[in-house]
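Peer 1: Below you will find the structure I want to go over with you.
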Amino acid sequence: MLPAATPAHARGGDPLPSAGLVTRVALIGNPNTGKTTVFNRLSGLRHKTSNFPGTTQEARLGFLDCGARTVELIDLPGVYSLELDQTEAEVCRSVLAGQIAPRGEPIAAPDAVCVVIDSTNPSRGLVLLGETLRRRLPTLVALNMSDLARRAGMEIDEIRLSETLGCPVIRCSARSGEGLEALRGAMGRASIPIMTPPGDEESLVRWAESVESSVFRVSVEDWARGERLTDRVDRGLTHPIAGVLAFGVIMTGLFWSIFSLASYPMDWIESVFGLLGSVVKSVLPAGVLRDLLADGVVAGIAGVVVFLPQICLLFFLISLLEDTGYLARAAFVMDRVLRPFGLPGHSFVPLLSSHACALPGIMAARAVPDRRERLATILVAPFVTCSARLPVYVLVTGLLFPGEPMKASLAFVGAYALGIAAAMGSALLARRTILRGPARPMALELPTYKWPSVQTALLTTYDRALVFLKKAGTNILAICIALWWLSAFPHVAPPAEATAMRERALAAGPDEASELNATADRLERSHASAESFMGRIGRTVQPVFAPLGYDWQLTVGVMASFAAREVFVSTMAVVVAGEEDAESEGVIDRVATAKRSDGVTPVFTRATCWSLLVYYVLAMQCLPTLAVTAREAGGVRWALLQLAWMSGVAYLAALAVYQVARAAGVA
Amino acid sequence: MSGEHGQCGRTEPTGDGRRRVSLSQLKPGESGTVCGSELNAGDRRLLSAMGLRERATVVLCRLGEPCIVRVMGGCNCSSRIGLARPLADRVFVNPSRPDGSDRGT
């Protein structure tokens, strides 16, 4: 028998939990039992997310009031067995043994365990229950999805189960809310079981089978009716051709939603923060504080919040799809497509989502069960073309093929294809080198189809949004402020040419004066940009980019957009055209015809454009992505590896393209 | 499943005259009783925890890569597992007799 752990309430020799104390209850269950829905419905918005120390396993801690007692609920990872050699099982074992606790919480065994069992499929849950009972902790059992079991014609004798175990057993449905009050009330009544199931696997399975047959009853005919329906739907959704088509349609809808629907709130957010920036500028006197608040802090917060619509929409839709049971089928269908590259079917949704934005894509990689496969997915996801690359693609393909939309769109498609090829190739390489290890062969439960719960989806969305804002958002804000500082300082005197123009404007007529002042403004902005720390860095680094065909102006564009790719076009507008607004009339023309310092050679030759396009497809030009990678992969080293690998691949590929193009006589 | 079952070869007759075939050799819709496996310990433990263990009754729903199998529980209910073909090849079953006379509960 396993040794009894020391419960949290026993710290300092306390007796059993009493009113006024915090009672820690661990929530355990198989995957797909609705355990997290139980957690969400019990704790509502009163929860926080951290991780278990030494692991990347997420730890969710919820709080609920049970009379005078506050229950601290730990949502443990879903496991099929406590004895498996998997991180999830190891975390569960360690929490129950009182060896670890969610980061920031005192280490102690939980005061009680709540085992969540899927009433429609109790076999596996009962084995896990048996393993948990052997820990000799006060236990209670939640028979979840009891509404679905009732609909399937199943009879459940929970009183008999309670008498057999000597623990409270509550029938509930987290989706409908039925029985949750009873479950909440029972949290304080968990009791040490009166029996201990056998320890060896074979005997434990026999014990679970005997409990199952005595407590759960359903007629063969009733059950077969539901199965026939599932069979029919599965025949379509997992068919090698129809399944892939259905998958394509559903994922196109998902992708379209993130890409298109989210653009409205994103535009609103940008407008609101743009307005806020203008207000700050008009209220405060000119100076460093005004610039810091308007261009650093407000723009930085906007840079964080602007990602929220995509993140929220993605997780809301994914949660709905997961709840229906379809997401498991999608992973099933895509498994054979991604396996040759060392990735499982679960990686498809993160990779697809990354086409809108790598941030939600990387966060969605939590669905990949195997650690190595999850890390490989996170590392390669930013290779696929995200929406931030599009302005650069539009500019460069427009420069390459002016007035030839067909050729420009083919170049566009080629850029997408290159991103996907780089992601797949890198995944294969990673899985054969640093993330080498046996692929976890697909053994995936396909849950029964059911209507999704909007409430669950909203709670999941809220949780993901909060995690993003708290953990990644603060880093992104700091990065934005640092980049603002590099671009805005030091302040330099205006160039002599601009000063002379302003003097001439004083003596000129109104039309000519206005034109002279506008030109002087442009010259000053170009000069300030060139003399800023960022401009100086660009000029210092330029020799590194010279073999790729970039002059110092282009290098400043590349360096400034290191934080966010979309900054490239606006930076080029400032550096070579002296315009603040890249959408001003004629700016793109001025960028296209900009000359290098010699005044003769164009900045954008065709060879440079091809090199630049390849560079932007492959390079890691997004600091928020690195911040999220560091968080999701469980260490800064993974973000640094991602940065080094993507930058290295981008540099070498752009170098090869430029040199080959030059050798082939491309101007 | 009790681990390495070297004697559980494909289509070998057993002592009681019943065939032993790999799970992937069942026809779609055909059922059988799991009698052993040639899986490594980790995979065996995982499948066992998912219900695909010795004496479990299974029905092959879809043959392919991956396969879908239905694992029958003790109370007439069942669950579905998507299973990689290499795993299905290494799980062995006694196919049920067409008249169903060998089926348990």
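Peer 1: If I fit a long axis through the Cα atoms of helix A:510-531 and take the longest principal axis of the Cα atoms of chain A, what angle between them do I get, 0 to 90°, rounded to 10?
Peer 2: That helix lies at roughly 60 degrees to the long axis.
Peer 1: In addition: For A:I28, A:I537, A:I192, write out the residues from largest to smallest accessible area, computed with a 1.4 angstrom probe and no ligands counted.
Peer 2: Order by accessible area, largest first: A:I192, A:I537, A:I28.
Peer 1: Two-decimal Rg/Rh of region A:239-347 from alpha-carbon positions, Kirkwood Rh?
Peer 2: Rounded to two decimals, Rg over Rh is 1.24.
Peer 1: If I histogram all Cα-Cα distances within region A:491-531 using bins 10 Å wide from 0, what percent of pairs lands in each bin?
Peer 2: Over region A:491-531, the share of Cα pairs per 10 Å bin runs 36, 48, 15, 1 percent.
Peer 1: Shifting gears a bit: Keeping every protein chain present and rolling a 1.4 Å probe, give me the accessible area per residue for the protein assembly as shown in Å².
Peer 2: Per residue, the protein assembly as shown has an accessible area of 41 Å².
Peer 1: Here's something else I'd like to know. For the protein assembly as shown: lysine pairs with Cα atoms under 30 Å, gap of 8 or more or different chains, count?
Peer 2: Step by step, the pairs that qualify in the protein assembly as shown add up to 11.
Peer 1: Using Stokes-Einstein with the Kirkwood hydrodynamic radius over Cα pairs, what translational diffusion coefficient do you get for region B:12-95 at 4 °C and a viscosity of 1.567 mPa s, in µm²/s rounded to a whole number?
Peer 2: 104
Peer 1: Ranked from the most accessible area to the least, with a 1.4 Å probe and all protein chains present, what is the order of B:S22, A:S278?
Peer 2: My answer, sorted largest first, is A:S278, B:S22.
Peer 1: Can you list the residues of region A:101-128 whose accessible area drops by at least 50 Å² going from the chain on its own to the full set of protein chains, with a 1.4 Å probe?
Peer 2: For region A:101-128, once contacts with the other chains are taken into account, A:R124 lose 50 Å² or more.
Peer 1: About its Cα centre, what dipole magnitude does the protein assembly as shown give when the only charges are +1 on Lys and Arg Cβ and -1 on Asp and Glu Cβ, stated in debye to the nearest 20?
Peer 2: Dipole size: approximately 1500 debye.
Peer 1: Also, quick follow-up: For helix A:122-133, report the angle its Cα long axis makes with the longest principal axis of the Cα atoms of chain A; keep it between 0 and 90° and round to the nearest 10°.
Peer 2: 80
Peer 1: May I ask you to give the percent of accessible area on region B:12-95 that is carbon plus sulfur, with a probe radius of 1.4 Å?
Peer 2: Here it works out to 46 percent.
Peer 1: A further question follows. Could you work out how far apart the two model spin labels at A:V279 and A:K595 are, taking each label as a point 7 Å from the Cα in the direction of the beta carbon, and quote it in nm?
Peer 2: Rounded to a tenth, the inter-label distance reads 4.7 nm.
Peer 1: Helix A:473-488 versus the longest principal axis of chain A: what angle, 0 to 90°, nearest 10, using Cα atoms?
Peer 2: 10
Peer 1: Whenever you get a sec, compute what percent of the accessible area on region A:8-218 sits on carbon and sulfur atoms (1.4 Å probe).
Peer 2: Within region A:8-218, the accessible surface is 50 percent carbon and sulfur.
Peer 1: Chains A and B: how much accessible area gets covered up at their contact, both sides added, probe 1.4 Å, in Å² to the nearest hundred?
Peer 2: Separately minus together, A and B give about 3000 Å² buried.
Peer 1: While we're looking at this one, here's another question. Given 20 Å bins starting at zero, what is the percent of C-alpha pairs of the protein assembly as shown in each, up to the one with the largest pair distance?
Peer 2: 15, 42, 28, 13, 2, 0
The values are calculated or read from the model by the stated rules, or taken from the named source; none is laboratory data. Please read these numbers as outputs of a predicted model, since none were measured by experiment. Backbone-built Cβ (ideal geometry, glycine too); neighbour counts: all protein chains shown. Areas reflect the complete protein model, heavy atoms only, side chains present, ligands, DNA and RNA absent. Shrake-Rupley method; radii C 1.70, N 1.55, O 1.52, S 1.80 Å.
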